[in-house]
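Presented below is the structure to which this report refers.
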Amino acid sequence: MAQFDVYKNPSKTSQKIYPYLVDIQSPYISELATRIVIPLGKASYFGGEAMKGLTPEITFEDEMLLLLTPQISSIQSKKLKGPVGSLSNFRDQIINSMDYAILSI
């Protein structure tokens, strides 16, 4: 599992709104049974508006999504089945959104 890999949301109840999860966990703590993830939500569900700095817009699989940093959580590693892509090219936006959530900078 690589940092910033994208996985399909395994939850049948929430995957329509949050189709993907982004693994943000450092590769240096891979021995844990869980992974820290941030959901990607369909921008249309959230009125198509991102909160500057906190929920950046990300296009993935030709779909406009929001990185929902305030909904950061963890999930059992075994529930994440094969990555469907990577957001490593959005690394700065992802880290900046976490900084904003924690430090308001």
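So, in the range 51-73, exactly how many residues are touching a Lys or Arg at 6+ places or on another chain (Cβ under 9 Å) and surrounded by 15 or more Cβ atoms within 10 Å (Cβ to Cβ)?
The number of residues fulfilling the criteria is 2.
If you go through the range 20-38, how many residues are at pLDDT 95 or above and either of a type in the set (Asp, Glu) or under 10 Å from the mean Cα position of the chain (by Cα) (or both)?
So the count comes out to 8.
If you go through the range 7-26, how many residues are of a type in the set (Val, Ile, Thr), crowded, with 17+ Cβ neighbours inside 10 Å and either over 12 Å from residue 86 (Cα atoms) or out of contact with any Leu (no Cβ under 6 Å at 6 or more places or on another chain) (or both)?
Looking only at that region, the number is 1.
Just to be sure before I move on: is residue 83 over 23 Å from residue 103 (Cα atoms) and at pLDDT 95 or above in the structure I sent?
Against the criterion (over 23 Å from residue 103 (Cα atoms) and at pLDDT 95 or above), residue 83 qualifies.
Within the set of pairs 6+ apart or on separate chains, which have a first residue in the range 72-89 that is within 16 Å of residue 10 (Cα to Cα), a second that is part of a helix (DSSP H, G or I), and C-beta atoms under 9 Å apart?
Once the first residue is within 16 Å of residue 10 (Cα to Cα) and sits in the range 72-89, its partners that are part of a helix (DSSP H, G or I) give 72/98; 72/101.
If I filter the range 27-50 for residues that are free of Cβ contacts under 8 Å to residues at least 24 places away in the same chain, in a helix (DSSP H, G or I), loosely packed, with under 14 Cβ neighbours inside 10 Å and of a type in the set (Phe, Trp, Tyr), do I get at least one hit?
Yes - at least one qualifying residue is present in the range 27-50.
The values are calculated or read from the model by the stated rules, or taken from the named source; none is laboratory data. Everything quoted here is computed from the prediction, not taken from an experiment. Cβ atoms come from the backbone with ideal geometry, glycine included; neighbour counts cover every protein chain shown.
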